[in-house]
Amino acid sequence: MTTPEPGARPPIRLPGSVAEVDASPEGPGVGAFFDLDGTLVAGFTAAAHTMDRLRRREVGLTEFLSILQLAVEFRLGRREFENLIEAGARTTKGRLAEDVAEMGERVFQQSVADLIYPEMRELVRAHQRRGHTLVLSSSALAMQVAPVASYLGIEHVVCNHLVADQDGILTGEIEKPVVWGPTKASSVQRFAAEHDVDMRSSYFYADGDEDLALMYLVGHPRPTNPGPALTRVANRRGWPVLRLRSRGGGGRLGLVRTLASVGSLAPVAAGALGIGLLTQNKRNGVNFLTRFWPETVLTLNGVKLNVTGAEHLTAQRPAVFLFNHRNNFDVFMVAALVKDNWTGVAKKELEANPLFGPLGKLMDAAFIDREDPAAAVAALRPLEEAAAKGLSILIAPEGTRLDTQEVGPFKKGAFRIAMATGLPIVPVVIRNSDSVAGRNASRLNPGTVDIAVLPPVSVADWTTEDLAERIEQIRAAYLQTLAHWPAAGRSS
């Protein structure tokens, strides 16, 4: 997660940061101020908004090149920040303020949510546990800031706001003064005075060199992914530095990892085909694919699995392996553990995917239409046949990816399959897969994911009358495991 700067103190590690906050004084008199771009979020939220407008053909080439030129000149020190943000504000002129706010929420859900650093989410939660006053203080516009603050449960916002007329129509202007550098520091100071926040007891997390003014004002400055000037000052003053690598594209190396992951399918699939033809057994070929490709993808992307209870993976086979679902790669992690002789369940939309559609059919997966319960039940019936042939079943009982540290409600389908086939249930509890990929992410970042495999649960004495109660008992085991994580484990 962290990378030392040459000649610098070792950067602070996240567990120590959270532990520090957990041991800090309680109460709203302590402030926790968070910058947005580069701190809470990898990259720039403004770029996500610009790309959204480009995709929707709401911005012409001339306007796009003008904004790009302003951004370049700003980075080179030839333009003031006000010029850049005012150019962005002008693009909203004539629109309803509520429409722009809705657009901000949509862009957040589609493009920004997966860019939030999970490490920073943990720090936000740590400050919330202490009852601190949390503030998202940013020079970005409210349409970029508000969705992030709402998502993280940050109650207060200090940022730039668009001007609207009496009819709620935006004028293309920004409320003065523009929040940036010294004015950001003075705005935060004013907020602290109005809310009885002690700046000398407070924390500030930010990356920009322009944030130095505010760093000097707090008792606990925490440069996060800092720029050159902020890094130099942090080194001189001994400020702990956080450098996060769990989000973003990972640069050229990240691109290479992604391309290698996709490219690895071809040689593994060729080997699987060869084995299937040689042995005249399709399942032997499929097993070669499922045994080696998921593990290859994780290895190429630097993802390690820290597993407890690995002995339960093979205690009783076949089995119904349940896993809590957080991103597109959870199934790769579970597949890398179960390895062979399994099939699974996927949403109906994936059946048309040029990669996962054919793979699912090859593996006899069931494609479920969540909008049609009757069709979903019918689609599950082939899984009973697969289980009779000795195949385990991988399924996420929540039915969809959830962006939460809790466990969502469990649907009955997976449990009915277990009852119909007589297969035991093996709960697979994934603690932190968001550390390597967001909910909708299409690429992985290096990291370690904690997984606990619980003992098999027999369904021999389950009945339809007590099914709901049995399901809640399994779900409670997930909640208990997440709340009190097992200590021992192995990495793979």
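Residue 52: in contact with a strand residue (DSSP E or B) (Cβ under 8 Å, 6 or more places away or on another chain), modelled with pLDDT of 60 or more and open to solvent by less than 50 Å² (accessible area, probe 1.4 Å), yes or no?
So residue 52 fails the test.
State yes or no: is residue 58 open to solvent by 40 Å² or more (accessible area, probe 1.4 Å), at pLDDT 95 or above and of a type outside the set (A, V, I, L, M)?
Answer is no for this residue.
(1) within 24 Å of residue 243 (Cβ to Cβ); (2) acidic (Asp, Glu); (3) open to solvent by 50 Å² or more (accessible area, probe 1.4 Å): which one isn't true of residue 99, the others all being true?
Against the list (1) within 24 Å of residue 243 (Cβ to Cβ); (2) acidic (Asp, Glu); (3) open to solvent by 50 Å² or more (accessible area, probe 1.4 Å), residue 99 comes up short only on (1).
I'd like to check something: does segment 270-288 contain any residue that is in contact with a strand residue (DSSP E or B) (Cβ under 8 Å, 6 or more places away or on another chain) and of a type in the set (Gly, Ala, Ser)?
Within segment 270-288, not a single residue is in contact with a strand residue (DSSP E or B) (Cβ under 8 Å, 6 or more places away or on another chain) and of a type in the set (Gly, Ala, Ser).
Just to check your reading of the model, which residue among 474, 451 is at negative phi, β-branched (Val, Ile, Thr), part of a helix (DSSP H, G or I) and at pLDDT 90 or above?
474
Please verify whether segment 261-270 includes one or more residues that are touching a residue at least 12 places away in the same chain (Cβ under 8 Å) and either over 25 Å from residue 392 (Cβ atoms) or open to solvent by 60 Å² or more (accessible area, probe 1.4 Å) (or both). Spell out how you get there, then give the answer.
Initial filter on segment 261-270 (touching a residue at least 12 places away in the same chain (Cβ under 8 Å)): 261, 264-265, 268-269.
Subset that is either over 25 Å from residue 392 (Cβ atoms) or open to solvent by 60 Å² or more (accessible area, probe 1.4 Å) (or both): none.
Within segment 261-270, not a single residue is touching a residue at least 12 places away in the same chain (Cβ under 8 Å) and either over 25 Å from residue 392 (Cβ atoms) or open to solvent by 60 Å² or more (accessible area, probe 1.4 Å) (or both).
Listed here are the residues, each with its yes/no results for (1) among the aliphatic types (A, V, I, L, M); (2) open to solvent by 30 Å² or more (accessible area, probe 1.4 Å); (3) in a loop (DSSP other than H, G, I, E, B).
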| position | (1), (2), (3) |
| --- | --- |
| 293 | no, no, no |
| 304 | no, yes, no |
| 316 | no, yes, yes |
| 321 | no, no, no |
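Filter segment 77-94 for residues that are open to solvent by 30 Å² or more (accessible area, probe 1.4 Å) and modelled with pLDDT of 80 or more; which is farthest from residue 229 (Cα to Cα)?
If we take residues in segment 77-94 being open to solvent by 30 Å² or more (accessible area, probe 1.4 Å) and modelled with pLDDT of 80 or more, then 94 is farthest from residue 229 (Cα to Cα).
Taking only segment 221-245 into account, find how many residues are surrounded by fewer than 22 Cβ atoms within 10 Å (Cβ to Cβ), over 28 Å from the mean Cα position of the chain (by Cα) and outside any loop (DSSP other than H, G, I, E, B).
Counting residues in segment 221-245 that are surrounded by fewer than 22 Cβ atoms within 10 Å (Cβ to Cβ), over 28 Å from the mean Cα position of the chain (by Cα) and outside any loop (DSSP other than H, G, I, E, B) gives 6.
Output yes when any residue across segment 406-425 is under 21 Å from residue 332 (Cα atoms) and in contact with a Ser or Thr (Cβ under 6 Å, 6 or more places away or on another chain), and no when none is.
no
Which residues, counting only those in segment 14-23, are open to solvent by 10 Å² or more (accessible area, probe 1.4 Å) and either modelled with pLDDT of 85 or more or touching a strand residue (DSSP E or B) at 6+ places or on another chain (Cβ under 7 Å) (or both)?
First pass over segment 14-23, keeping only residues open to solvent by 10 Å² or more (accessible area, probe 1.4 Å): 14-16, 18-20, 22-23.
Answer for segment 14-23, where residues must be open to solvent by 10 Å² or more (accessible area, probe 1.4 Å) and either modelled with pLDDT of 85 or more or touching a strand residue (DSSP E or B) at 6+ places or on another chain (Cβ under 7 Å) (or both): 18, 19, 20, 22, 23.
Inside segment 445-461, can you point out the residues that are over 26 Å from residue 486 (Cβ atoms) and either in contact with a helix residue (DSSP H, G or I) (Cβ under 7 Å, 6 or more places away or on another chain) or in contact (Cβ under 8 Å) with a residue 60 or more places away in the chain (or both)?
If the condition is that a residue be over 26 Å from residue 486 (Cβ atoms) and either in contact with a helix residue (DSSP H, G or I) (Cβ under 7 Å, 6 or more places away or on another chain) or in contact (Cβ under 8 Å) with a residue 60 or more places away in the chain (or both), then no residue fits.
So, in segment 287-329, of the ones that are in contact with a Leu (Cβ under 9 Å, 6 or more places away or on another chain) and small (Gly, Ala, Ser), which residue ends up modelled with the lowest pLDDT?
It comes out as 302.
Within segment 378-414, which residues are of a type in the set (Gly, Ala, Ser), modelled with pLDDT of 80 or more and either more than 17 Å from residue 459 (Cβ to Cβ) or touching a strand residue (DSSP E or B) at 6+ places or on another chain (Cβ under 6 Å) (or both)?
Within segment 378-414, 386, 390, 392, 396, 408, 414 qualify.
Just one of 414, 460, 452 is within 25 Å of the chain's Cα centre (by Cα) and hydrophobic (A, V, I, L, M, F, W, C); which is it?
Answer to the check: 452.
When the residues of segment 403-417 are narrowed to those that are of a type outside the set (Val, Ile, Thr) and open to solvent by less than 60 Å² (accessible area, probe 1.4 Å), which ends up farthest from residue 479 (Cα to Cα)?
If we take residues in segment 403-417 being of a type outside the set (Val, Ile, Thr) and open to solvent by less than 60 Å² (accessible area, probe 1.4 Å), then 413 is farthest from residue 479 (Cα to Cα).
Residues that are under 25 Å from residue 246 (Cα atoms) and open to solvent by 10 Å² or more (accessible area, probe 1.4 Å), at least 2 per element: which helices (runs of 4 or more DSSP H) completely within segment 117-220 meet that?
Counting at least 2 such residues, we get 118-129, 142-152.
So how many residues does segment 448-481 have that are more than 15 Å from residue 322 (Cβ to Cβ), hydroxyl-bearing (Ser, Thr, Tyr) and open to solvent by less than 70 Å² (accessible area, probe 1.4 Å)?
2
Taking segment 38-60, which residues are on the phi > 0 side of the Ramachandran plot and touching a helix residue (DSSP H, G or I) at 6+ places or on another chain (Cβ under 9 Å)?
Scanning segment 38-60 gives a single hit, 43.
When residues of segment 418-440 are filtered for being more than 21 Å from the chain's Cα centre (by Cα), aliphatic (A, V, I, L, M) and open to solvent by less than 10 Å² (accessible area, probe 1.4 Å), how many remain?
3
Look at segment 193-223 and say how many of its residues are among the small types (Gly, Ala, Ser), under 24 Å from residue 122 (Cβ atoms) and in contact (Cβ under 8 Å) with a residue 24 or more places away in the chain.
Count: 4.
Only one of 417, 425, 451 is touching a strand residue (DSSP E or B) at 6+ places or on another chain (Cβ under 7 Å), hydrophobic (A, V, I, L, M, F, W, C) and within 30 Å of residue 261 (Cα to Cα); which?
On the way: 417 fails: within 30 Å of residue 261 (Cα to Cα); 425 fails: within 30 Å of residue 261 (Cα to Cα).
From the options 417, 425, 451, the qualifying one is 451.
The values are calculated or read from the model by the stated rules, or taken from the named source; none is laboratory data. Fair warning: this is a prediction, and the values are worked out from it, not measured in the lab. Note that each Cβ is placed from the backbone with ideal geometry, even for glycine, and that neighbours are counted across all protein chains shown. Quick note on the areas: whole protein, heavy atoms, side chains included, nothing else; ligands and nucleic acids left out. Shrake-Rupley method; radii C 1.70, N 1.55, O 1.52, S 1.80 Å.
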